[in-house]
1. Based on the Cα gyration tensor of segment 77-150, what are the three equivalent ellipsoid semi-axes, each the root of five times an eigenvalue, rounded to whole Å and given largest first?
2. So how far apart, in nm, are the two label points at residue 271 and residue 69 if each is 7 Å from Cα heading toward Cβ?
3. Apply the Karplus parameterisation 6.51 cos²θ - 1.76 cosθ + 1.60, with θ equal to phi minus 60°, to every residue of segment 214-228 and state each ³J(HN,Hα) to the nearest whole Hz, in sequence, with x for glycine and proline.
4. Can you give me the long-range amide H partners of residue 38? Hydrogens built in the peptide plane at 1.01 Å from N, cutoff under 5 Å, separation of 5 or more residues or another chain.
5. Which ordering of 267, 67, 245 is given by a fewest-first count of other beta-carbon atoms within 10 Å?
6. Can you sort 272, 203 by how many other beta carbons sit within 10 Å, fewest first?
7. Along segment 171-182, what does the Karplus equation 6.51 cos²θ - 1.76 cosθ + 1.60 (θ = phi - 60°) give for ³J(HN,Hα), rounded to whole Hz, x for Gly and Pro?
8. If each residue of separation counts as 0.36 nm, what is the full-extension length gain between residue 131 and residue 167 once their alpha-carbon separation is subtracted?
Amino acid sequence: GCDFFSEANPHALAEQQTHLMQRLQMAQDLHQALRRQELFLVYQPIFDQGSGQAHAIEALIRWRRPDGQLVPPDVFIALAEETHLIVQIGQWVVAQACRDLASLCAAGLPQLKVHVNMAAPEFTREALPDELTALVQTHGLRPDQLSLELTESLLMKQPEQVMAVMARLRQRGFDISLDDFGKGHSALSLLKDLPISTLKIDRAFVRELGQRDSERAILATIMDLGRHLGLQVITEGVETTTQLDVVQACGGRLIQGYLLSRPLPLDALRARLLPTAAA
Ligand code: C2E
Ligand code: CA
Ligand code: CA
Ligand code: CA
């Protein structure tokens, strides 16, 4: 806007220029990052509190720059989306995640699933269902062991294209999770028409649990809604035992959060999920 060129505040202008230069530099560096193997995945388990077993793991990307600095994914994923580098990054993420899942399956966790986060430019690609089908076959995985996570805001960007790709992925047997549910302007009426299998309740609904009864009522209602629509429900962001107790009292069984486990590198995850094999 006009603020950018405001002469009234030369300091702000200089700051914005610096910010812009930093983003440009970061975009260039990100291009190299894939090739230089600066990107890696960590995995956070999603536990089934009914069985006590890990139900799935969520792949979360990390970027460690050559100087050792870790760039938060929220920052560089947004940048990658703007530059379309996200498609290449996403292809690398899903391939690496399937490779790692196959190794965990072989090590004694044959039922485990992996969740992978998807961005808008990935989910509008016609070739995605074919590519993913080939990928799971290569690794001897079932399509339902791969869950693609997308957000409502992604869906809203290009609803028709995204819905078409979603429907084809579901036909092929892939699992689709609606991430951060309730965070944006959730269109509840849309939910019944979406070809999804899993609902991930945003951690905003968990944060205040235990303080007010109304928070608990809202969480319980969202869970009932998901179940009535025949969806699996995962609750994110459980950090305290109080929150865990309330989520379970609301009927929540699939739980992800720092209380149960932080995101872990593959070796640490394997040791956590297969303690005997690690010895
Ligand atoms: P998200 O998909 O909602 O992932 C959950 C985020 O919450 C992760 O942050 C995770 O580390 C964090 N988290 C997990 N449990 C807790 C908890 O108990 N408390 C709190 N406060 N936080 C918890 P992370 O790894 O920094 O990722 C941030 C976001 O970056 C993700 O949000 C996702 O939108 C995006 N992202 C991460 N990896 C990828 C990727 O491979 N591809 C794409 N497109 N986006 C990704
Ligand atoms: Ca996610
Ligand atoms: Ca989420
Ligand atoms: Ca998110």
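1. Equivalent ellipsoid of segment 77-150: 24, 12, 10 Å, largest first.
2. Going by the 7 Å Cα→Cβ label model, 3.0 nm.
3. 5, 5, 5, 4, 5, 4, 4, 5, 4, 5, 4, 4, x, 5, 5
4. So residue 38 has HN proximity to no qualifying residue.
5. With the fewest neighbours first, 267, 67, 245 line up as 67, 267, 245.
6. Ascending Cβ contact count within 10 Å gives the list 272, 203.
7. Taking θ as phi minus 60°, the curve returns 4, 7, x, 6, 9, 10, 10, 8, 8, 6, 4, x Hz for segment 171-182.
8. Roughly 11.4 nm would be gained on extension.
Throughout, read-outs are computed from the coordinates displayed, never taken from laboratory work. Source: prediction; values computed, not measured. Counting neighbours? That spans all protein chains shown, and the Cβs are built from the backbone with ideal geometry, glycine included.
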